[in-house]
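Asks: The structure follows.
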Amino acid sequence: MEKKKIAVFLSGRGSNFKAIFDAVGGGRVNGYIDVVISDNPDAKGLSFARSHGIGCAVFEKSRTESRTEYFDTIIDFLDGRQIDLIVLAGFMKVLSGTIIEKYRHRILNIHPALLPSFPGVHAQRQALDYGVKYSGCTVHFVDEGVDTGPIVLQETVSVREDDTEGTLSDRILEQEHKIFPRAVQLFCDERLKVKGRRVLIRNP
Ligand code: GRF
């Protein structure tokens, strides 16, 4: 099986990207990070990528261009590189329908809650405000909705009575760093099969 070519999209600190980078470096993933793409030239994750010899491309969205146009430029770039998998690791832009369609079941996202609870922004705060006893994180394929795509992996985290948004986010992040590389590994081993809303994990 050929190694999968991965493009990581990020907008910020990139701790999930680092976790995936480590898993790739550790030989656990049948793939490699071909490029890191960002909409934010100041993203910390970009500095990490550059200092570790990974190519980076920054696509800043101009005010005049539409979301479709913005992502069409990125699609052209990805096409030129024959990317197999897109990993959204804290990428803050909503994708266009065109890129979602083109990379159907080939875009993975991590969300800091147990979906379908608390989609969208400030998921950890939403969980605290609601008063749930357990939250966690979810890796899912991206579809046209907000955090609605087929679920690949989830991990739970208990909510403590003295939790703040920060402490809960930190404990959830620890679990993100485990399940996101694991999901990338499963994808690259071609062990994920999407059947309707369900993602089946095949035995190796
Ligand atoms: C994480 O909380 C992830 O769940 C969310 O964005 C954050 C990205 O963090 N989608 P990092 O940039 O990977 O550190």
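Asks: In nm, what is the difference between 0.36 nm times the number of residues separating V132 and T167 and their Cα-Cα distance? Before the final figure, lay out each step's value.
Replies: Working: separation 35, 0.36 × 35 = 12.60 nm, distance 1.51 nm.
In short, 11.1 nm is gained.
Asks: Distance check, please: which entries in K18/K195; K5/K193; K93/K193; K93/K195; K102/K195; K18/K133 exceed 21 angstrom between their Cα atoms?
Replies: Those over the limit are K18/K195; K93/K193; K93/K195; K18/K133.
Asks: What figure, in Å² to the nearest 10, do you get for the accessible area of D170 with a 1.4 Å probe and non-protein molecules left out?
Replies: Looks like 100 Å² after rounding.
Asks: Now, a different point. How large is Rg over Rh for region 90-204, taking Rg from the Cα atoms and Rh as the Kirkwood inverse mean of 1/r across Cα pairs?
Replies: Ratio of gyration radius to Kirkwood radius for region 90-204: 0.98.
Asks: With every protein chain left in place, what is the accessible area of R104 in Å² (1.4 Å probe, nearest 10)?
Replies: Per-residue accessible area (R104): approximately 80 Å².
Asks: Also: Over all directions, what mean area does the Cα convex hull of the chain project, stated in square nanometres?
Replies: Average of the hull's projected areas for the chain equals 11.7 nm².
Asks: Something else now. Mind jotting down a quarter of the surface of the convex hull over the alpha carbons of region 56-129, in square nanometres, one decimal?
Replies: 6.1 nm²
Asks: Ok, one more. Around M92, under 14 Å between beta carbons, what's the net of Lys plus Arg minus Asp minus Glu among the other residues? Intermediate values should be presented prior to the final figure.
Replies: On the way: positive: R13, K44, K61, R67, K93; negative: D39, D42, E60, D147.
With Lys, Arg at +1 and Asp, Glu at -1, the net is +1.
Asks: For the peptides 18-30, 130-142, what is the packing order when you average, over each peptide's residues, the other Cβ atoms within 10 Å and list the highest mean first?
Replies: The densest-packed peptide leads the list: 130-142, 18-30.
Asks: Considering the options V36, M1, S51, tell which one lies farthest towards the positive end of the dipole of region 1-103, charges being +1 on Lys and Arg and -1 on Asp and Glu at the Cβ, about the Cα centre.
Replies: S51
Asks: OK, next. How big is the accessible area of R106 in square angstrom, nearest 10, if you roll a 1.4 angstrom probe over the protein chains?
Replies: Looks like 70 Å² after rounding.
Asks: Between the DSSP loop rule and a limit of at most 16 other Cβ atoms within 10 Å, which GluC sites (Glu not before Pro) in region 1-88 are left? Intermediate values should be presented prior to the final figure.
Replies: Details: sites: E2, E60, E65, E69; in loops: E2, E60, E65.
Sites meeting the loop and neighbour criteria: E2, E60, E65.
Asks: What share of the DSSP beta bridges in the chain is antiparallel, in percent to the nearest 5?
Replies: 45 percent
Asks: Okay, next question. With +1 on each Lys and Arg Cβ and -1 on each Asp and Glu Cβ, and nothing else charged, work out how big the dipole of the chain is about its Cα centre, in Debye to the nearest 20.
Replies: The dipole magnitude comes to about 620 debye.
Asks: Limiting things to C-alpha atoms, what are the Rg and the maximum Cα-Cα separation (Dmax) for region 146-191, in angstroms?
Replies: Cα radius of gyration and Dmax of region 146-191 are 13.2, 41 Å respectively.
Asks: Let me see the P(r) profile for region 1-103: every Cα-Cα distance counted, bins of 5 Å, each bin given as a percent of all pairs.
Replies: Here the calculated profile for region 1-103 is 3, 13, 24, 26, 19, 11, 4, 1, 0.
Asks: Can you pull out the trypsin sites (Lys or Arg not before Pro) in region 50-85 whose DSSP state is coil and whose Cβ has at most 12 other Cβ atoms within 10 Å?
Replies: Qualifying residues, ordered by number: R63.
Asks: Same structure again: Residues of region 157-183 with the amide nitrogen closer than 18 Å to a label point 7 Å from the Cα of H122, along Cα-to-Cβ, please.
Replies: Once the point is set 7 Å along Cα→Cβ of H122, 163-170 turn out to lie under 18 Å by backbone N, inside region 157-183.
The values are calculated or read from the model by the stated rules, or taken from the named source; none is laboratory data. Since the model is a prediction, treat every value here as computed from it, not as a measurement. Positions of Cβ are backbone-derived with ideal geometry, glycine not excepted, and every protein chain shown enters the neighbour counts. Quick note on the areas: whole protein, heavy atoms, side chains included, nothing else; ligands and nucleic acids left out. Shrake-Rupley method; radii C 1.70, N 1.55, O 1.52, S 1.80 Å.
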